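Just so it is clear, none of the values below were taken in a lab; they were calculated from the coordinates. Everything quoted here is computed from the prediction, not taken from an experiment. As a convention, Cβ positions derive from the backbone with ideal geometry for all residues, glycine included, and neighbour counts pool all protein chains shown.
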Amino acid sequence: MQALYSQLLIGLINGSFYALLSLGLSLIFGLLNIVNFAHGAFFMLGAFAAPLLLEHLGIGYWGSLLIVPPVLALGGMVLQRIVLRPLQELDHLYGLLATFGFALIVQGLMQIGFGSAGLPYAIPSALQGGQNLGFMLLPNYRGFVILVSLAVCASVYLLVERTRLGALLRAATENAERLSSFGINVPRLVTLSYGLGVGLAALAGLLAAPMLQVRPLMGADLMIVVFAVVVIGGMGSILGSIVTGYSLGVIEGLTRYFYPEASNTILFVLMALVLAVRPNGLFGRREA
Amino acid sequence: MRDKAMKPHIASTRDWRFILFTGLILVLALVPLLGWVYPYFIMQALCFALFASAFNLLIGHAGLASFGHAMFFGTGGYICAHALKVWAVPPHWAVVFALIATLILGLCVGLIAIRRQGIYFSMTTLALAQMLYFVYLQSPFTHGEDGIQGFSRGHLFGLFDLNQTYVLYYLILLLFFLGHVLIARIIHSPFGDVLQAIGQNETRAQSLGYETARFKALAFVLSAGLAGLAGAMKALVTQTASLSDVHWSMSGDVILMVVMGGMTTFLGPILGGFLFAAMLQYLSVLGQWVIVAQGTIFLACVVMFRQGLIGTLARRLRRSL
C-alpha cells in the first residue's frame, strides 16, 4: 500500500509539471498558433538557474523563485519579438521550426557548459523533512510543489477567465483582427502571452530543480510527454489543460505501480486511443 | 512552403531536375573509379538523402510536418539488421522485410496521426515516435543501448558479396536511384497533384470532392516505406542498428536536411542529405557544438532563407529544381 501511495504522489508531482507546461503551451498556442518547441528549453533553463544563482550570486531558493520566472519570461518575450513576430504571417510551420532551432541551440550550449550529467541542487532548508499523514510520509517539498502548482494554475485560470486582460486574451484567440479594430494592441498581447507561457515553464523548471536531475536534456524529454498530454486534452481550454495534466500524471503513477513496464508508454497509448475515439481531444473544441 | 508559383509540370527529358539528377547518378557511378572519395561517406550520404526525400514527400508536397520520421528510419534499420543477424536471411530479403515492416508501421501511425491537422499532427507523430523509442529501448531484440551489430551483410541473390565495398556501393546507389524514380513518379502523377492541392489548401481540396484523409494516409505510408528503405540501407552500410536512429533528434535532423536543401524542390533534400552527412563526418570533432550549429542553421534557414539552398537557386534560375 505504501508503494501505491508513493507512486500516486509521484504521479501528482509529475501531473503538476504536465499541468504547468501544457497550460503555458495552450496560452502560447491560443495567440501565436504555434507549438512552442522551445518550451522544454525554458523549463531546463529555469531548473539550471537555481544552482547557478546559488553558486555565483549566492541567491537562495526563495530569491530564485522571485527572480527566475520573470527574467526568463522577459527573455521569451525578446525571442518572440525578434524571431517569431516576423514569421507570424507565414505558414505556422516556420514558427515551430524556429522554436525548435532555438531549443537546439540552448540545449547544445548548456551541454557544452555543464556536460550531460547535470548539477545537484538541495531542497531549501525550510522545506526539508516531511509530514506523517498516518497512511504515508509526505516530504514537505513535494507537498509544496503540488500546492504551488495548484495555486498557480488557479490564478492563471482566474486571470484568463475573470480579468479584463484575460478577456482581451480570449478575444485575441477568438478573432485577433476584430480585436485590433477596437484599438487594442494585439501584437503586444501576443508577446505578453508568450512571456506568460515561458514564465510558467521556467517556474515549473525551478520547482523541479531540487527533485529531478538538473541536466540539459531534462526539458526535451519531458516535453514530448507533455505534447502527448496536450494532444489528449486538446489546447482549447485552460481548465482542460489543468485537469488533463494532473489526471494523466496520476494515471502514469498508477501504471508505474500496477504494470511498471508500460509506465513509459501509457500516455502515448492513451493518446492513440483518444485520437481514435475523439480526434479533437477530450476538451478540444475546434480544429487548428 | 505554400507560396510556390504553381505551374503545370510534366516530367520530360528537358526538365532540369531530370538532367541534374541523371548527371548526379552518373558522377556517383564513376566515383569509385576515381578513388579519391571515401565510398562509405557517399553511401551514408545516399541513405540520408533518400530519407530526406521520403520525408519531403510529406512536408514539401502534402504539407504534413511529421516530427517522428525517425521511427521509420530506425525501424527499417532494426528489422534489416535483425533479419541478417538472427534470421540469417540473404540481404535482399532483409531489405524486403524492413520495407514491409515500415509500410505496416506507416499505415498504423498514419491512420492515427492524420486524424489531427497542423501542429497536432506534428505533436502526435512526435509522441508516437517516442513511444516506439521506449518500446525499442525495452525490447530484447534491439539489445538496448548496444544496438544490433556484428553481422555479415551476406550475398545478394547468392551472387554478389556485399562485404566487398564496391558491390555494396553500387547496390546502395541503385536503391537510391530507384527510390527517387518512385518519388518522381509519385510527384508527377495525378495523385501527386492532389497531394499538392491538399498541401496548399486542404479545405479547398475537400470541396473539390477529394477524400483528403485517404490521400494523406497513402502519402504517409509511401513516405514511411521509403524512409524505412533508407534506414535498411544505412544498416547495411554501417553494419549497425542503434537507438540513435529512432531518437527524436533524428526526426529533427531529417527536417534540417529538407529545410537546408529546400522544401518543395526535388533536388533539395538530396543536397540536404549530403550536407548533413558531411556535417557528421567533418564536424564531429566539434562535439556538442554540432548541435548548436544545427540549431543555428535551423534558425537562419527559417528566418532568412526559407527556400533553402536549392529553392533559392531555383528561384534565381526560374526553374523547378
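Values as computed for the structure displayed
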| item | result |
| --- | --- |
| Whole-Å distance, taken between Cα centres, linking segment B:121-160 and segment A:252-268 | 23 Å |
| Förster radius 41 Å - calculated FRET efficiency between A:Asn185 and A:Ala154, Cβ distance, rounded to 0.05 | 0.90 |
| Segment A:1-42 and segment A:219-234: distance between their alpha carbon centers, rounded to Å | 7 Å |
| Percentage, to the nearest whole number, of Cα pairs in chain A over 23 Å apart | 54 percent |
| For segment B:165-231: span of alpha carbons on each principal axis (Å, largest first) | 53, 19, 14 |
| Label-point separation, A:Asn175 to B:His155 (7 Å along Cα→Cβ), nm | 7.5 nm |
| Rounded FRET efficiency, nearest 0.05, which uses the C-beta distance separating B:Leu20 from B:Asn163 and R0 of 30 Å | 0.35 |
| Translational D in µm²/s for the protein assembly as shown (Stokes-Einstein at 25 °C, 0.890 mPa s, Kirkwood Rh from C-alpha pairs) | 97 µm²/s |
| Size-normalised alpha-carbon gyration radius of segment A:124-192, reference 2.2 N^0.38 Å | 1.79 |
| Rounded D (µm²/s) - segment B:117-251, Kirkwood Rh over Cα pairs, Stokes-Einstein at 20 °C, 1.002 mPa s | 121 µm²/s |
| Cut-off of 10 Å, at most 14 other beta carbons, DSSP loop: longest stretch of chain B lacking such chymotrypsin sites (Phe, Trp or Tyr not before Pro) | B:158-321 |
| Candidates B:Leu222, B:Leu126, B:Leu26: whichever shows maximal mean-square fluctuation once chain B is modelled as a Gaussian network with Cα springs under 10 Å | B:Leu26 |
| Alpha-carbon Rg with Dmax, taken over segment B:16-317, Å | 18.5, 56 |
| Most fluctuating residue given options A:Ala50, A:Ala38, A:Ala167, as computed from a GNM of chain A linking Cα atoms under 10 Å | A:Ala167 |
| Cα centroid of segment A:60-85 to Cα centroid of segment B:17-75, whole Å | 41 Å |
| Ranked B:Arg319, A:Arg81, criterion: other C-beta atoms within 10 Å, fewest first | B:Arg319, A:Arg81 |
| Most fluctuating residue given options B:Ala49, B:Ala101, B:Ala224, as computed from a GNM of chain B linking Cα atoms under 10 Å | B:Ala101 |
| Additional length obtainable on full extension of the chain from A:Met1 to A:Val78, 0.36 nm per residue less Cα span | 22.8 nm |
| Net +/- balance of residues flanking A:Leu189 in space, Cβ distance below 14 Å, scoring K and R +1, D and E -1 | +4 |
| In sequence order, calculated HN-Hα J values of segment A:135-140 (Karplus, 6.51, -1.76, 1.60; Hz; x Gly/Pro) | 9, 7, 9, 9, x, 4 |
| Rh (Kirkwood; distinct C-alpha pairs) - segment A:61-106, Å | 11.8 Å |
| Estimated 222 nm signal from helices in chain B, with DSSP H stretches of n ≥ 4 weighted -39500 (n - 2.57), rounded to 500 | -22500 deg cm²/dmol |
| Pairwise FRET efficiency - A:Leu65 versus B:Asp146, Cβ, R0 = 56 Å, nearest 0.05 | 0.85 |
| Sorted by Cβ density within 10 Å, fewest first, the residues A:Glu161, B:Glu211 | B:Glu211, A:Glu161 |
| Kirkwood Rh, Cα atoms: Rg over Rh of segment A:110-159 | 1.17 |
| Relative contact order for chain B, counting Cα pairs under 8 Å that sit 6 or more residues apart, in percent | 33 percent |
| Residue order, fewest to most beta carbons within 10 Å, for B:Val258, A:Val68, A:Val231 | A:Val68, B:Val258, A:Val231 |
| Relative contact order of chain A, defined on C-alpha pairs under 8 angstrom at six or more residues apart (%) | 39 percent |
| Under 12 Å, Cβ to Cβ, from B:Leu243 - net charge with Lys/Arg +1 and Asp/Glu -1 | -3 |
| Surrounding net charge for B:Ala184, when Lys and Arg each add one and Asp and Glu each subtract one, Cβ distance under 10 Å | +1 |
